[in-house]
Amino acid sequence: MQLVTLKYQARSIEDYFNLSSAEITERIELARLQLGTKLLILGHHYQRDDVIRHADLTGDSFKLSKMASERTAEYIVFCGVHFMAESADILSRTHQKVILPDLAAGCSMADMANIDQVETAWAELEDIGINSIMPITYMNSTAAIKAFCGERQGAVCTSTNARGIFDWAYGQREKVFFFPDQHLGRNTAYSRGIALDEMVVWDPYLELGGNDPEKLRKAKIFLWKGHCSVHGRFHHKQVDAVRLEHPGINVLVHPECNWEVVQKADYSGSTEYIINKIAKSEPGSMWAIATEVNLVNRLKNQYPDRFIRLLAPDLCMCSTMFRIAPENLLWALENLCDDEVVNQITVPEEVAYWAKVALDRMLTIAQ
Ligand code: 13P
Ligand code: SF4
């Protein structure tokens, strides 16, 4: 099959919707061949099977950010969500271009904190005399919030390295302000010996986050009131139910699940951790997993000699990750073959500078 070369005009995504999946697969492979070493396709573990099969490298958000900082391909096509592509752009070299095949692939958790709200919260704490705070943001946040942390000697973390980053933060300041996932923040702080009554939730829509000043002065951590709607579907009663139904089953969860779920689970960790745990498990072992369904189904297919199921009875799918379809990937690649860069993610220089400081700090601490 030959690629038709269209010069000086980007191909339209509409032209891709009626192609058969066989043709899409064939044309993606052809475009990859044509682009050769100029191209690197990165895929997050929550991507659907028909997309992840085309990725050169796969990983959790920490591994993908490291890969983006180490590779030199001119085009990084990021099959994941917007905050991941932003981080790749910040960490990559100036000649590299990062492409997100569908710009609507966002993250509802990252959308729960914006920079104006974060600046207001910080100023309110300063106004009541609370100063020794380390700002830490989860990777799932905007570049502007990463920059806010970088500028104040803070850092980014992912679910892979959150514990190490918290230890580092408490080694320098009395308190941590953690954006935007209250659950990862609570689970990590608790694992570092901080009691639940030393944690306060900061609601950005209320004055002082909905807390009285005395409570804030006593707190060790301020948890931004954000969460993942996908992991929010897992409930601790499901852990009890699955143990009753399958005695001896292992419960393996992502730390974006709430505290009760994580406390009742046997193991908790990032998507990469979950994959490694299953890979190293015994044939015949039983697993209930609390994370995104595309990953759980892939593990089920890869390890048919283990019993693997989703912890929740209903579908826990990340609809924004799912937006990256093979059609979008092919459209982005064929445009690159025509020297047309579509859907490039570019973080403004002044934001990128401080966001990179926060990301580099994470990469250094987490070595
Ligand atoms: P990981 O870093 O574990 O891949 O998690 C990213 C994410 O968005 C989970 O919802
Ligand atoms: Fe965001 Fe949750 Fe989707 Fe992860 S699974 S990208 S946190 S909405």
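Below, the figures for the structure above:
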| read-out | value |
| --- | --- |
| Helix-only CD estimate at 222 nm, as mean residue ellipticity for the chain, using -39500 (n - 2.57) per DSSP H run (n ≥ 4) | -12000 deg cm²/dmol |
| Among GLU198, GLU282, GLU260: highest mean-square fluctuation, GNM of the chain, C-alpha pairs under 10 Å | GLU282 |
| Candidates ASN328, ASN301, ASN114, ranked by Gaussian network fluctuation over the chain, Cα under 10 Å, top entry | ASN301 |
| Largest-first principal axis extents of the Cα set of the chain (Å) | 69, 54, 35 |
| Too-long pairs where the Cα-Cα distance tops 30 Å, listed order kept, from LYS38/LYS300; LYS218/LYS264; LYS175/LYS300 | LYS38/LYS300; LYS175/LYS300 |
| The chain - share of DSSP beta bridges that are antiparallel (%, nearest 5) | 5 percent |
| CYS157 long-range amide H proximity, modeled H, under 5 Å | THR137, TYR138, MET139 |
| 5 angstrom amide H check on ALA290, placed H, neighbours 5+ away | LEU252, VAL253, HIS254, LEU311 |
| Inter-site label distance for GLU29 and LEU244 at 7 Å from Cα along Cβ, in nm | 5.0 nm |
| Largest-first principal axis extents of the Cα set of the range 1-107 (Å) | 36, 28, 22 |
| Cα shape, the range 25-88, gyration tensor, a/c 1.5 rule | oblate |
| Net dipole in debye of the chain [+1 Lys, Arg Cβ; -1 Asp, Glu Cβ; about Cα centre; nearest 20] | 1100 debye |
| Degrees, to the nearest 10: 182-191 long Cα axis against longest axis of the chain | 60 degrees |
| Per-residue HN-Hα couplings for the range 17-29 [Karplus 6.51, -1.76, 1.60; θ = phi - 60°; Hz; x = Gly/Pro] | 6, 9, 6, 6, 5, 5, 5, 4, 4, 4, 6, 5, 5 |
| Most mobile listed residue (ILE145, ILE24, ILE324) in the chain, GNM with C-alpha springs under 10 Å | ILE24 |
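Every number here is computed from the coordinates shown, using simple stated rules; none is lab data. Note that the coordinates shown come from a computational prediction; the quantities given were computed from them, not determined experimentally. Reconstructed Cβ throughout: ideal geometry from the backbone, glycine too, with neighbour counts over all protein chains shown.
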